[in-house]
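Okay, so here's the structure we're looking at.
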Amino acid sequence: MLDQKDSNLHHAEENDASDHIEGDKEIAVEQTTTPETAAENKTEETAGQASPDAVEVNDAEVLNEIDESNAEDAEDEDNVKRHSIPVLDYHAMNMDKLVNELEKLIKNEKIQAIKEHVDGIKYEFDLKYQELLEEKKEEFLNDGGNEIDFRYTSPVKQKFNKVYGEYREKRNAYYKNLEQNLKNNLSKRQEIIEELKGLINVEEDINTTYKHFKELQERWKVAGPIPRLNYNDVWRTYQHHVERFYDFLDINRDLRDLDFKHNLEEKEKLIARAEELAEIPDINTAFRELQSLHKIWKEEIGPVDREHREDVWNRFSEATRAIHERRQDYFRNMDEIHEQNLVRKEEIIAKINDIANNEIDAHSQWQRQIKEMEALREAFFNAGRVPRKVNEETWTAFKTAVRKFNRRKNEFYKALKKDQQDNLAKKQELIRIAQENKDSDDWEVVTPLMKKIQSDWKKIGHVPRKYSDRIWKEFKAACNHYFDRLHKHKQDGSQEETEAYNAKEALLDRLREFQLTGNHDEDIETVKNFISEWRSYGRVPYFKKNIEGKFNKIIDALFKKLNVAKRDIELIKYGNKLEVLANADQEDLINNEIIFIRRKIDEVKGEIRQLENNLQFINADDNNPIVREVNKNINRHKETLSLWKAKLAQLREMD
């Protein structure tokens, strides 16, 4: 028995040696070859315990299984606790959850009681990780990598190896200690059997012999676990010699009949309980208790008289058979459920194939498709087990469909990366131009150039994210440097600008003293006249342009008192500006204003398009703070666009 365990451990270590590459993936298949859990590979438990001449041929498998289960429990008295640890749906768990579940089992449960659970977890983890590895390797090769250079590591794989290594250390230590104990206990039981044999030939008072027999029975009960491979043979040998002793007691019927009566009463209790178990709704719980009843029948209760022996056994067997039949019905129902699960999984695979065949050429569309694929993948894993005969076929179809989608997705983003690299080269060229001209004093030539490259920058698409912030800062710094110098150059205003400033300062003093009359129309007209007069004075020196802000603040306050909307205020101000242009009697001024307004409209539209395009690259819902800020900017630009269009309409009316 222990040699077999050592062989299994060695095999597990060989399997672990291949686990050397780790990672995560985008649309992970998270499974391979057989997606049904390891729990499904477990032999179906059946019930029954009978003597060879009382058992039907159809019950032989049931008896063998219960013998094997009780033999396993006999090897380790705590092993029966494995039944109370639920085997979860490891198939539906991702790799992180599998590692967490493994940690919890090792920390909270007996190491010898979790083998089935650990095997199921390792099976699922290895399959999910292998699929992930293949996915990452395919992406690596698609990006032009060489297969021999492929390396991939993942924290979740490292954590799993560490936790699983802890399990193996504890398990090996446990079985190392268990081996010697099992051998010692086997020797004790064999010694008891030899003593039991000798009781028949002892020449002493029968009461003394019977007392010795009872002592041997008590020693047998506390002799401890023995190897499962020896359990059934040792038990049968012991029972054989117990029955021989009772036959030997024929010369003292009182002692023998007293034991027979006690044993019959105890077996009657087991039969009654077994019959009650047939009514328990949870058939698996009923079976586990039935298995315990068989163990008690075999190990703790001696024989009954020949008159009742066959009858009590037949009744016990009949109760066992009733539970077994209910359990078979349960498994037949499970087959129907598995067929229904197969239908659901086939529908999911068909949807995945439909998505994989879609022609998509936009990042936003791919992001929506990726979300749909994630949902379908989860639905596939949560759909439950399918019939074993189509298990492999179903999994292969699912894996093929997902891989087809992933290949097309990878091809799209590979091309997208190339476009972004081209955009990066274009923007780096604009940075070079900006940096070469940022210290130039040729204002007439360089100023249009700097404005042009700013406009060109906005027209170039996205660059790889890791370069985006850095190159923008470099470009902005060079442009700001030039325009700061330009503004400083303009700070020395002309004589005409100085006179305009003095006139506006005087007008500002008059405006501060102005009081509304209460006549709404007259007051609005007066404010308009102030605006018209202000504009007629023309431009002030650059370094004194803050006077414009003071004027606008007072005008806005007056309009607010007059309950004029902000948009209307802007249009009123603009109307006065147009009057100034019209009175200048220079047609070029009107034409230049039209060109200016149209350019502003185009710029705002471009800003809106850019912001809306940015939204497509933000993988978040509308509640995300970044998304909310972008939407806010879009709405603000749309209001600005509406105002520029209204101004253009005023221009056209005047023209």
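A few comments on the model shown:
- Top-ranked residue of region 616-635 - restricted to ones that are open to solvent by 40 Å² or more (accessible area, probe 1.4 Å) and in contact (Cβ under 8 Å) with a residue 12 or more places away in the chain, ranked as nearest to the chain's Cα centre (by Cα): Asn619
- Set side by side, the residues Glu116, Glu138, Glu101 differ, and just one is open to solvent by less than 60 Å² (accessible area, probe 1.4 Å), touching a residue at least 40 places away in the same chain (Cβ under 8 Å) and part of a helix (DSSP H, G or I), which is Glu138.
- Exclusive hit being out of contact with any Phe, Trp or Tyr (no Cβ under 9 Å at 6 or more places or on another chain), surrounded by 15 or more Cβ atoms within 10 Å (Cβ to Cβ) and among the aromatic types (Phe, Trp, Tyr), set Phe248, Phe213: Phe248
- Checking Ala503 against (1) surrounded by 15 or more Cβ atoms within 10 Å (Cβ to Cβ); (2) modelled with pLDDT of 90 or more; (3) under 43 Å from the mean Cα position of the chain (by Cα); (4) of a type outside the set (Phe, Trp, Tyr), the condition it does not meet: (3)
- Condition met for Ala477 (in contact with a Lys or Arg (Cβ under 9 Å, 6 or more places away or on another chain) and open to solvent by less than 30 Å² (accessible area, probe 1.4 Å)): no
- Restricting region 296-309 to residues that are of a type outside the set (A, V, I, L, M, F, W, C) and either touching a Gly at 6+ places or on another chain (Cβ under 8 Å) or assigned to a helix (DSSP H, G or I) (or both) leaves a set whose member that is most open to solvent (accessible area, probe 1.4 Å) is Arg306.
- Qualifying positions in region 636-655 - within 13 Å of Gly575 (Cβ to Cβ) and open to solvent by 100 Å² or more (accessible area, probe 1.4 Å): Glu653
- Any hit, region 275-295, residues being within 30 Å of Asp247 (Cβ to Cβ) and open to solvent by 70 Å² or more (accessible area, probe 1.4 Å): no
- Condition met for Val343 (of a type outside the set (Ser, Thr, Tyr), part of a helix (DSSP H, G or I) and more than 26 Å from Leu132 (Cβ to Cβ)): yes
- Any hit, region 142-159, residues being charged (D, E, K, R) and surrounded by 15 or more Cβ atoms within 10 Å (Cβ to Cβ): yes
- Within region 385-417, tally of residues that are closer than 27 Å to Gln365 by Cα, open to solvent by 60 Å² or more (accessible area, probe 1.4 Å) and touching a residue at least 12 places away in the same chain (Cβ under 8 Å): 5
- Yes/no for Arg470 being open to solvent by 90 Å² or more (accessible area, probe 1.4 Å), over 21 Å from Asp441 (Cβ atoms), within 60 Å of the chain's Cα centre (by Cα) and modelled with pLDDT of 85 or more: yes
- The set of residues in region 358-377 that are in a helix (DSSP H, G or I) and either in contact (Cβ under 8 Å) with a residue 24 or more places away in the chain or touching a Ser or Thr at 6+ places or on another chain (Cβ under 7 Å) (or both) comprises His363, Ser364, Trp366, Gln367, Gln369, Ile370, Met373, Glu374, Leu376, Arg377.
- Some residue of region 443-463 being farther than 25 Å from Asp602 by Cα and open to solvent by 90 Å² or more (accessible area, probe 1.4 Å): no
- Considering only residues in region 251-266 that are open to solvent by 20 Å² or more (accessible area, probe 1.4 Å) and at pLDDT 85 or above, the one that is farthest from the chain's Cα centre (by Cα) turns out to be Lys261.
- Test: residue in region 118-137 that is under 21 Å from the mean Cα position of the chain (by Cα) and small (Gly, Ala, Ser): yes
- Evaluation of Tyr152 against (1) of a type in the set (Ser, Thr, Tyr); (2) farther than 24 Å from His91 by Cα; (3) outside any helix (DSSP H, G or I) (one fails), failing number: (2)
- Gln428 closer than 30 Å to Lys459 by Cα, open to solvent by less than 40 Å² (accessible area, probe 1.4 Å) and either out of contact with any strand residue (DSSP E or B) (no Cβ under 9 Å at 6 or more places or on another chain) or not small (Gly, Ala, Ser) (or both): no
- Yes/no for Asn181 being under 19 Å from Gly302 (Cα atoms) and either among the aromatic types (Phe, Trp, Tyr) or surrounded by fewer than 16 Cβ atoms within 10 Å (Cβ to Cβ) (or both): no
- Some residue of region 165-184 being more than 30 Å from Lys122 (Cα to Cα) and at pLDDT 80 or above: yes
- Checking Asn358 against (1) open to solvent by 20 Å² or more (accessible area, probe 1.4 Å); (2) touching a helix residue (DSSP H, G or I) at 6+ places or on another chain (Cβ under 6 Å), the condition it does not meet: (2)
- Glu166 open to solvent by 20 Å² or more (accessible area, probe 1.4 Å) and either in contact (Cβ under 8 Å) with a residue 40 or more places away in the chain or closer than 22 Å to Val87 by Cα (or both): yes
- Selected residue (only one of Arg344, Arg377 is basic (Lys, Arg) and open to solvent by less than 80 Å² (accessible area, probe 1.4 Å)): Arg377
- Subset of region 203-236 (residues that are of a type in the set (Phe, Trp, Tyr) and closer than 14 Å to Ile192 by Cα): Phe213, Trp220, Trp235
- When Leu589 is tested against (1) over 21 Å from Ile460 (Cβ atoms); (2) in contact (Cβ under 8 Å) with a residue 60 or more places away in the chain; (3) in a helix (DSSP H, G or I); (4) not basic (Lys, Arg), only condition (2) is not met.
- Within the set Asn207, Asn201, the sole residue that is modelled with pLDDT under 85, in contact with a helix residue (DSSP H, G or I) (Cβ under 8 Å, 6 or more places away or on another chain) and open to solvent by 60 Å² or more (accessible area, probe 1.4 Å) turns out to be Asn207.
The values are calculated or read from the model by the stated rules, or taken from the named source; none is laboratory data. Not measured: the values here are computed from a predicted model. Every residue, glycine among them, receives a Cβ derived from its backbone with ideal geometry; neighbour counts consider all protein chains shown. The accessibility values were calculated without ligands, DNA or RNA, using every heavy atom of the protein model including side chains. Shrake-Rupley method; radii C 1.70, N 1.55, O 1.52, S 1.80 Å.
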